[in-house]
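Written out below as structure tokens is the structure these notes cover.
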Ligand SMILES: Nc1nc2c(ncn2[C@@H]2O[C@H](COP(=O)(O)OP(=O)(O)OP(=O)(O)O)[C@@H](O)[C@H]2O)c(=O)[nH]1
Ligand SMILES: [Mg+2]
């Protein structure tokens, strides 16, 4: 996809603040620091449109990015960040689930897991929750692919499928924001979904 004009549009912490429009939305979920904001930048070939940082827990709000007036990327807060209080964690959890449960324009969920590690119990809970509580397709991305040797990739992908108990028809794409590997494949999935 040849993106001409992607722009940050609005930040929300509650539903009244979500933008009103008719375009399909694509939501990004995953642990803090897994690479959600970097994914957005890589897909759009922009260095710093979505703020990414080496400090986990950076995105504590929901950021909406308008992609050429054809769809939105919705950057959700990362879960699993250890250094916050239980109360704050519960607030983020609610924020994420409120959005996912009640957004008619939502068409696709992209969930990132770090290719280097087995998905965490929180990843497993999130994936189960997504399959049980909402009807949109879920695309799993194995992020930070550039951090493992090529020879190890298949083994790591297999482990992700096993731990998340994915069905063979569920989508898993290896991805690197650093070298943009996987961006074409993800755009192809998005294109198929938003044309309907
Ligand atoms: N090598 C490598 N590093 C990556 C990749 N994707 C993200 N990173 C790095 O991982 C760190 C976290 O990336 P972010 O994109 O900010 O992660 P996030 O999921 O948005 O994190 P939160 O906003 O805290 O939920 C940054 O230092 C990124 O540069 C990747 O594909 N390869
Ligand atoms: Mg982020």
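Helices (runs of 4 or more DSSP H) wholly in segment 121-196 with at least 3 residues that are under 16 Å from residue 30 (Cα atoms) - which ones?
Once the helices (runs of 4 or more DSSP H) in segment 121-196 are filtered for at least 3 residues that are under 16 Å from residue 30 (Cα atoms), what remains is 121-133, 153-164.
Hey, can you tell me all the residues within segment 91-116 that are in a loop (DSSP other than H, G, I, E, B) and modelled with pLDDT under 90?
The one that is in a loop (DSSP other than H, G, I, E, B) and modelled with pLDDT under 90: 102.
Condition check ((1) surrounded by 14 or more Cβ atoms within 10 Å (Cβ to Cβ); (2) within 16 Å of ligand 2 (Cβ to nearest atom)) across all residues:
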residue: 113; (1), (2): yes, yes
residue: 129; (1), (2): yes, no
residue: 136; (1), (2): yes, no
residue: 155; (1), (2): no, no
residue: 173; (1), (2): yes, no
residue: 180; (1), (2): yes, no
residue: 188; (1), (2): no, no
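Among the residues of segment 143-186, write down those that are more than 15 Å from ligand 1 (Cβ to nearest atom), in contact with a helix residue (DSSP H, G or I) (Cβ under 7 Å, 6 or more places away or on another chain) and more than 14 Å from residue 111 (Cα to Cα).
163
The values are calculated or read from the model by the stated rules, or taken from the named source; none is laboratory data. No experiment lies behind these values; they were computed from the predicted model shown. Heads up, the Cβs are rebuilt from the backbone with ideal geometry, glycines too, and the neighbour counts pull from every protein chain shown.
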